[in-house]
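Data block below; observations after.
The values are calculated or read from the model by the stated rules, or taken from the named source; none is laboratory data. From a predicted model like this one, the values you see are computed outputs, not experimental measurements. For neighbour counting, all protein chains shown are included, and Cβ atoms are generated from backbone atoms with ideal geometry for every residue, glycine included. The protein model used for the area step is the full one, side chains on, heavy atoms only, and it has no ligands, DNA or RNA in it. Shrake-Rupley method; radii C 1.70, N 1.55, O 1.52, S 1.80 Å.
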Amino acid sequence: METTCWIRRVRPYGGDMQDIKVVDGRIAALTPASDTPASGADLDGQGQLLTLPLVESHIHLDKTLWGLPWRAHSAGPSLTELIGNERQVLRTLTSPIAERAGALLAHCIAKGTQLVRCHVDVDPELGLRHVEAMLALRTRFAPLVDMQLVAFPQTGLITNPGTAALMREAVAMGVDVLGGLDPCGIDKDPIAHLTSIFELARDMDCGVDIHLHDGGELGLWEIERIIDFTERYQRQGRVMISHAFCLGMKPWPVIAPLAARLAANGVSILSSAPADIEIPPFLPLQQAGVNVCLGSDGIRDAWTPMGNGDMLERAMLLAYRFDMRRDDELQLAFEAATRVGAKALGHEDYGMAVGKPAHFVLFPSETLAEAIVSRPLARTVIRHGRVIARDGQLLAEAG
Ligand SMILES: [Zn+2]
């Protein structure tokens, strides 16, 4: 039987007051607000700012220490030290992934995130344990969040024989995207690395998401090769380069031709807007038509004690990093944490239009810019027209 409810008196993106009709969990109509009071299953938005849900485009839920007693950071500063230290820490953990990742995911959802791309470690030592746990977690949380999983070769692909076969198996089990990691810096054989991933992506018809920390000319050369492979294997619109610090290490005239190729091939760039290194130049890339989206990366794990899963805060960190003060600039930061993320993830069931899912967040803020700056704890998360979280807490009946 068809179910109908209304979300009344809300201001989509800070505009005029509207009522939203929801039928079977999807937007059926957007109309100017009426005097009709909210009744029954209706929700009274009380004039709050309404937006589409936040999008977490890059997280490592499987490795978080969320919910465990505080652990002091123990890694050295280099990438190989961070990877090695993490492996040591993971070996000592007794708390299951379902518990740690589940607690963090619930927290992210309560903050307003309803679309997540999660990288999941795959290698011969771990086998497919993390993949199995994350697939089960995705099923458990399906009523509350849409989740993509990436098979991530954290300890190398070419340098760690057996990993590629496990990644193929992971995709066969239900993982959506093939990951990669520094084809030069970690794997030392960029063409073999990219060939392995892109051949598998073509065979299994899936997307690609490559962690690229390599800097300077080397990193830029790798980005060119990733675009070459995207063209050769016809993965346009389905490739992401995560971090890509190198794009921030050269003047824009050097980057511009590369940006044009990224845009033309729908190769997206993910940033966590870290403070310690150059990052992709957000506004010029955005103006060049490149999808630049945001993610938390690791949260409260062996890589970093930082992060709180709030994508509104991630938008603020991006704006802070580039000194974006104007409302239109802050709005672009918000887009990177919402609409552009959904686009980069190829998730089409997202938008403020009739027929799209009635997934929203309400903020007690006048404008988007104010919401980013104040990051209010008081938010209402709506999924399929029903409230699933209030004030940073999932409702018990939500799942
Ligand atoms: Zn990552």
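On inspection, L90 passes the criterion of being touching a helix residue (DSSP H, G or I) at 6+ places or on another chain (Cβ under 8 Å) and either at pLDDT below 95 or more than 16 Å from F141 (Cβ to Cβ) (or both).
Return yes when F363 is of a type in the set (F, W, Y) and more than 20 Å from the chain's Cα centre (by Cα) and no when it is not. Against the criterion (of a type in the set (F, W, Y) and more than 20 Å from the chain's Cα centre (by Cα)), F363 qualifies. Assess whether M311 counts as being open to solvent by 30 Å² or more (accessible area, probe 1.4 Å), within 16 Å of the ligand (Cβ to nearest atom) and within 30 Å of F363 (Cβ to Cβ). So M311 fails the test. When restricted to residues that are within 16 Å of the ligand (Cβ to nearest atom), farther than 18 Å from L200 by Cβ and open to solvent by less than 10 Å² (accessible area, probe 1.4 Å), the range 127-153 contains 1. Go through the residues of the range 210-221 one by one and say whether even a single one is at pLDDT 95 or above, within 16 Å of the ligand (Cβ to nearest atom) and assigned to a helix (DSSP H, G or I). Yes, the range 210-221 has at least one match.
I158 passes all but one of (1) in contact with a His (Cβ under 7 Å, 6 or more places away or on another chain); (2) open to solvent by less than 60 Å² (accessible area, probe 1.4 Å); which number fails? In the conditions (1) in contact with a His (Cβ under 7 Å, 6 or more places away or on another chain); (2) open to solvent by less than 60 Å² (accessible area, probe 1.4 Å), I158 misses (2) alone. Looking only at the range 276-291, filter to residues that are within 16 Å of the ligand (Cβ to nearest atom) and of a type in the set (A, V, I, L, M); which one of those is surrounded by the fewest Cβ atoms within 10 Å (Cβ to Cβ)? Once the filter is applied, the top-ranked residue is I277.
From the list L52, L65, the lone residue that is in contact (Cβ under 8 Å) with a residue 40 or more places away in the chain and within 16 Å of the ligand (Cβ to nearest atom) is L65. Here the range 232-274 is the region considered, the condition is being within 16 Å of the ligand (Cβ to nearest atom) and part of a loop (DSSP other than H, G, I, E, B), and the residue that is surrounded by the most Cβ atoms within 10 Å (Cβ to Cβ) is A244. With respect to the conditions (1) open to solvent by 10 Å² or more (accessible area, probe 1.4 Å); (2) free of Cβ contacts under 8 Å to residues at least 60 places away in the same chain, D19 falls short on a single one, namely (1). Of the strands (runs of 3 or more DSSP E) lying entirely inside the range 342-397, the ones with 1 or more residues being within 17 Å of R314 (Cβ to Cβ) and in contact with a strand residue (DSSP E or B) (Cβ under 6 Å, 6 or more places away or on another chain) are found at 360-363, 380-383.
The requirement of being of a type in the set (D, E), away from the ligand (no atom under 15 Å from the Cβ), at pLDDT 95 or above and open to solvent by 10 Å² or more (accessible area, probe 1.4 Å) is fulfilled nowhere in the range 109-125; no residue meets it.
Condition first: small (G, A, S) and under 28 Å from V175 (Cβ atoms). Can you find one or more residues in the range 353-368 that meet it? Checked against the condition, which is being small (G, A, S) and under 28 Å from V175 (Cβ atoms), the range 353-368 yields no hits at all. Of all the listed residues (E125, E81), the sole one being without any contact (Cβ under 8 Å) to a residue 40 or more places away in the chain and part of a loop (DSSP other than H, G, I, E, B) is E125.
Inclusion of D214 among residues that are free of Cβ contacts under 8 Å to residues at least 60 places away in the same chain and either charged (D, E, K, R) or surrounded by fewer than 24 Cβ atoms within 10 Å (Cβ to Cβ) (or both) is warranted.
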